[in-house]
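Data block below; observations after.
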Amino acid sequence: METANHNVEQLHHFSCAVCGKWWTIGDAPVEKTDWHCPWCGEMNNYESVN
Ligand SMILES: [Zn+2]
């Protein structure tokens with residue numbers, strides 16, 4: 001049986017404080033704490049995520 005390569009992608013789940021919707025970013029850089037919500041475009045700060 002061959003060994004297949006695979007990557008474990010760490011998914012970061014964000015919820016928007018403005019519109020309340022969720023989105024997910026794979027392998028998001030932990031030093032980045034300000035994200036624009038893809039739903040409503042508002043800036044959110046996730047300093048407490050990591
Ligand atoms: Zn939003």
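If you filter the stretch 5-25 down to residues that are more than 15 Å from C40 (Cα to Cα) and surrounded by fewer than 11 Cβ atoms within 10 Å (Cβ to Cβ), you find that the one that is modelled with the highest pLDDT is H13.
Only a single criterion out of (1) in contact with a Leu (Cβ under 6 Å, 6 or more places away or on another chain); (2) touching a residue at least 24 places away in the same chain (Cβ under 8 Å); (3) polar (S, T, N, Q) is not satisfied by T24, namely (2).
For the chain, a residue qualifies if it is part of a loop (DSSP other than H, G, I, E, B) and of a type in the set (S, T, Y), and the qualifying residues are T3, T33, Y46, S48.
The values are calculated or read from the model by the stated rules, or taken from the named source; none is laboratory data. None of these values were measured; they are calculated from a predicted model. Reconstructed Cβ throughout: ideal geometry from the backbone, glycine too, with neighbour counts over all protein chains shown.
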